[in-house]
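This report refers to the structure that appears directly beneath it.
We did not get these values from a lab; they are worked out from the coordinates using the rules stated. The structure presented is a predicted model; accordingly, all values stated were derived computationally and were not measured. Don't worry about glycine lacking a Cβ; one is built from the backbone with ideal geometry, like all the others, and counts go over all protein chains shown.
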Amino acid sequence: MTGIDQSGLDQPRPPTTWMRFRRQRAPMIGLVLLGGLFVIAALAPFLAGNRPILFADGEGLELPVLAGFTQEDFFWFAGFGAALLAFFCSKFLRRIRPSLSARQGRRVLCLLLGIAAAVIAAIGFSWPERLVHDDYTPYRDGGREASLCVFPPICYGPTEVPLTNSLDSPSLSHLFGTDRQGDDVLARMIHGTRISLLVAVTAILVCMAIGIALGAAAGYFGGWIDALVLRLIEVVTCFPAFFAVLAVLAFLPPRIFWVMLIIGLLRWPGVARLTRGEFLRMRDWDFVAAARAMGLSNGRIMVRHILPNALAPVIVSATFGMAGAILIESGLSFLGIGPASCQSWGRLLSEFRPYFDVAWWLSVFPGASIFITVVALNLVGEGLRDALDPRLKK
Amino acid sequence: MLRYILKRLLIAIPTLIGITIVTFCIIQLAPGDPADKSEEESVVATTFSGQVTREVVERTRQLYGLDKPLLVNTRVWESDRDEYRELGFFGRLGAMFTDAQYPIWLARIVTWDFGTSYQDHRPVTGKVWEAFRVSLLFQVLSIALIYLIAIPLGVLSAIKRGTGTDRAISLLLFLLYSLPNFWVATLLIVFLAGGEFLDLFPPQDLSSSDAAAMGGVAWLFDRLWHMILPVICLTYGGLASLSRYARSGMLEVIGQDYILTARAKGLSERQVIVKHAFRNSVLPIVTLLATLLPALIGGSVIVETIFNIPGMGRLLFESFLARDYPVIMAVAFFSSGLVLLGMILSDVLYMLVDPRISLE
Amino acid sequence: MSTESDRKAQPLLEVRGLKTVFGPPEAGAAAVDGVSLAIGRAEALGLVGESGSGKSVTALSILRLVADPPGKIVDGEIFFKGRDLLRLEADAMRAVRGNEIALILQEPATALNPVMTVGSQIAEALRLHEKLNRRDANRRAVEFLDRVGIPSAEKTARSWPHQLSGGMIQRAMIAMALSCGPDLLIADEPTSALDVTIQAQILDLLHRLRREEAMSLLLISHDLGVVAGICDRVAVMYAGEIVEEAEKDRLFERPGHPYTAALLRSTPTLRGTPTLRGTPTLRGTPQRLRPIPGQVPSPSAHGAACRFRGRCAKAQPVCGEDKPPLDELDPGHRVACFFPERKV
């Protein structure tokens, strides 16, 4: 008997979700855009500021930009560093210790990240409230010279002592023009990235926390819990977005925290419905029955067994939810709601509004940044959805 | 069919009650006693327009009975309460349930008594109704346009799947879907409505300032001309999302067996699409009305504010600025009720259209 | 039952070298690769094969219903009543569909349009091909529903598909297929989604109607038992090719191709059930069920050689070099194998 063809048994491994995601061009562009936005937000002082990155004037090398770090700057920068750390560790851990299994590798990574988070928190929360008095603008504007003075690419801070070039149209020195106070629009936009991203992420986290918890309970336990949650979902869905937000914010002090909370509270029904659907579907599957037969508690089954499988559509929804959160937040800021100190893109548009008809760049660029961010998020969301969808539709 | 509608309305009642509860909870956030709160927390101190005074706070308190207990008033039984002295036993029993915040609020809602506006002392119901009429026009027009354009667009895109037309349409819809509506409104005004560029449309209001002097047809045209930009802003978002749903729904339908059966019978492609595919793909789109409505109503705040249209959205915003709580609560409640109505409507429509739906 | 000479004289349908590919033509993933078969008038041909063997695609190709993209018929001829269907204009082809060749599908639950009544869907075909007006078409639809054994035909005609059971829908599908008096009925796994008892009923129905209408039948199935019931001849497909074709009894008693033989060996029959203690055996010695090792090769792994060689116990080097042609082993019995079985 000649050799039986066993090739059918050694099928190539089916592509993982990430691989399927990577194959799609547009969503990858979106992911790169998002990554870029994160980098911009984290490294804002290095990209747009009036403090030089490197400075030497005979007394050795200084890093003025770091000296001017606020607590906020530190957290973003440290967060960026932690992300880099995680990335490189995941890549090189395998090389250093090939014997580590994927699970152990993940544990090590979590441990490292935990330590990093603790260190960052310790340093960050005790960050001194320093007032920096040194002014490096003369080096920029040509008043003084130094042997080494490397300014950030956009050598203007978001707020400066009023310059003389108010309402300048876009030029080489001010790529996106200037506003009424003479501040560089691009610099303000770069610094506005932070609050926009922060609001989106926080709102979504709130939304997911509530949505997953309630949806899982409703789908898994059924009965009156399900009925109650469904009613709740219906009630919350009845409130149109802005109406609810305005109604609630009318009663509350205008802190950015409330804005984030409200947006999250508005979107949880969507996540809850999805989660509920998944849990409903899976609670009758065999692996759940097996887990129960082993004596596992309901909570453990829900969290360790069903939830990892149910997360796929939730993550897709979360991505789209972030896009929506950014739209809502910028809309609110545009209307003037929310603290004036929070320089989000919507806020910029709101501030620039009186000058729109004489300075078109004030309306186009900040709005474009919102648009691009939303596009990036939507692209990634669609890419995830197509990657997770077993039925390849295109 | 009537039974179904009745049943559906019945199911909606708990939701309606839920809405009243939520709005009630929102009221609870209202400043009760400004003296209690710290300077930073007090709404009086940090209000947007600075117009809210202690007087406002006091009036809110009286309006909503904020000093009374929330649900059940057990104070009626206390002997040293003057206000309950004259009530007999049954009177006290009744008061226990009706003289609390929530029952008071509920009773007033049922009788359409939303109080009077803080700003101009007019009855709130009247203000809301006026604004509603304006918004209604725009919403209905928007919805009609959305469905009229989205369905053919989606179907066309699905039929021509993979071709350049499909890809172009999909790209366009995707971009539309991602545009912030206040940015679009702003850009439209900056570039098309005066300013340094084109001047094709009026930047705001419902009618020109000299509209009253125009004749009937001219007045109508003037109105329509003013409505174009706001309607565009309201419509494009829902259009984008509905088109995509129409497309994916159609694609799913086309892949079904019964389409193959229809083709195997010898029907022409056009007959297959129109008679078989289309009818099935339209079904889920009907239910989308329920999700479209809150989005439209929500979007109206920005559009109406920017274009200065006296609708519910702008009313809400102005009341927000002025901390005109009665109006705010009324608008919030009313709009939620509208959305609920829209949901019921879409369910009923769906039942009419799909033979598989029966009374469940 | 038609004889060999009858069939040769006037085949109703003759497929020659049909080749249907999916995906880009360069990739060469041919689901149907050079299939040739013929069906005579009032003859029933069974087309048997595993999932993925290309039987359904063959059926769709005959009616030119292969979704393009991704599929495309790239070669071959399909002669039906003297005309090559592949060269027909679209309009002429549509006149053939439903009218001269009818198709019924596997899954009753999704085969009918859920928003149209059953009767109206049958009437639709009648109005299209027989040019009846609405009232006559509806009346005839009810008549056909009655003929296929549906109890309250009138009521059923006004019902929606979701109100009917699987068996009823298949009957309705058969009624719809018959309504315009086609010469050939293609049934693609008509009973695979039904319970066994309903299966038997549907097959009986097909058998009876075929006789009454003197209609040809192309019955596609993965189930040898289904085919054995009502077909005159059987063709076996493997990996997109026909590997054997014979009269039914001949095929079952003296299969020529190793694949057919293996299939028969791997199917439990009453004559020889696997040895389970207590299981009654009717006649003959109990035989062990012998599954076929390996898997069907994917289309990209097709070569210019025998596709079954990877799983064939008798494979020789020559099997990997040339493709065995579909030759006559005996009159009316064709096998595509260099080393066909000569005895059971």
(message) If I build a Gaussian network model for chain C, linking alpha-carbon pairs within less than 10 angstrom, which residue out of C:Gly149, C:Gly49, C:Gly119 has the largest mean-square fluctuation?
(response) C:Gly149
(message) Calculate the FRET efficiency for A:Leu111 and C:Ser300 from the Cβ-Cβ distance with a Förster distance of 45 Å, rounded to the nearest 0.05.
(response) 0.50
(message) Projecting each Cα onto the charge dipole of the stretch C:32-151 (Lys/Arg +1, Asp/Glu -1 at the beta carbon, about the Cα centre), which of C:Leu112, C:Ala90, C:Pro151 comes out farthest on the positive side?
(response) C:Pro151
(request) Identify which of C:Ser120, C:Ser53, C:Ser152 has the largest mean-square fluctuation in a Gaussian network model of chain C, with springs joining Cα atoms closer than 10 Å. (result) C:Ser152
(message) Which of the three applies to the stretch B:84-124, rounded, prolate or oblate, going by the alpha-carbon gyration tensor with a ≥ b ≥ c and a/c under 1.5 meaning rounded?
(response) prolate
(message) Charges at C-beta only: +1 for Lys and Arg, -1 for Asp and Glu. How large is the resulting dipole of chain C about its Cα centre, in Debye rounded to 20?
(response) 700 debye
(request) Quantify how strongly other chains surround peptide C:103-115 by giving the mean number of their Cβ atoms within 10 Å of each of its Cβ atoms. (result) 5
(request) Enter the mean number of other protein chain beta carbons within 10 Å of the beta carbon of each residue in B:293-302, as an integer. (result) 5
(request) Could you work out how far the C-alpha centroid of the stretch A:15-88 sits from that of the stretch B:108-160, in angstrom? (result) 45 Å
(message) With +1 assigned to the C-beta of every Lys and Arg and -1 to the C-beta of every Asp and Glu, and no other charges, what is the dipole magnitude of the protein assembly as shown about the Cα centre in debye, to the nearest 20?
(response) 3960 debye
(request) Decide, for chain A, between rounded, prolate and oblate: order the square roots of the alpha carbon gyration tensor eigenvalues as a ≥ b ≥ c, take rounded if a/c falls under 1.5, and otherwise choose prolate if a/b is larger than b/c, else oblate. (result) prolate
(message) Let me spell out the model: positive unit charges on the Cβ of Lys and Arg, negative unit charges on the Cβ of Asp and Glu, origin at the Cα centre of chain A. What dipole size does that give, in debye rounded to 20?
(response) 2100 debye
(request) Would you order B:Phe132, A:Phe352, B:Phe89, B:Phe278 from fewest to most other beta-carbon atoms within 10 Å of each residue's own beta-carbon? (result) B:Phe89, B:Phe278, B:Phe132, A:Phe352
(request) For every helix of n ≥ 4 consecutive DSSP H residues, a contribution of -39,500 (n - 2.57) applies; sum these over chain A, divide by its total residues, and give [θ] at 222 nm rounded to the nearest 500 deg cm²/dmol. (result) -21000 deg cm²/dmol
(message) What's the ranking of C:220-232, C:180-192 by average number of surrounding C-beta atoms within 10 Å, highest first?
(response) C:180-192, C:220-232
(message) Above 31 Å lies some portion of the pair distances; for the stretch A:185-394, what is it as a whole percent of all C-alpha pairs?
(response) 31 percent
(message) How would B:Asp324, C:Asp146, C:Asp327 line up from fewest to most surrounding beta-carbon atoms within 10 angstrom?
(response) C:Asp327, C:Asp146, B:Asp324
(request) Per residue of the stretch C:337-342, in order, report the coupling 6.51 cos²θ - 1.76 cosθ + 1.60 (Karplus, θ = phi - 60°) as ³J(HN,Hα) in whole Hz, putting x for Gly and Pro. (result) 7, 6, 10, x, 5, 9
(message) Among B:Tyr325, A:Leu384, B:Trp105, which residue has its Cα furthest toward the positive end of the charge dipole of the protein assembly as shown, with +1 on Lys/Arg Cβ and -1 on Asp/Glu Cβ?
(response) A:Leu384
(message) Just want the ordering: A:Thr16, A:Thr193, A:Thr70, from fewest to most Cβ atoms lying within 10 Å of their own Cβ.
(response) A:Thr16, A:Thr70, A:Thr193
(request) Towards the positive end of the charge dipole of chain C, with charges on Cβ (+1 Lys, Arg; -1 Asp, Glu), say which of C:Ile62, C:Asn133, C:Ala214 has the farthest Cα. (result) C:Ala214
(request) Let me have the relative contact order for chain C, percent, based on Cα pairs under 8 Å that are six or more residues apart. (result) 19 percent
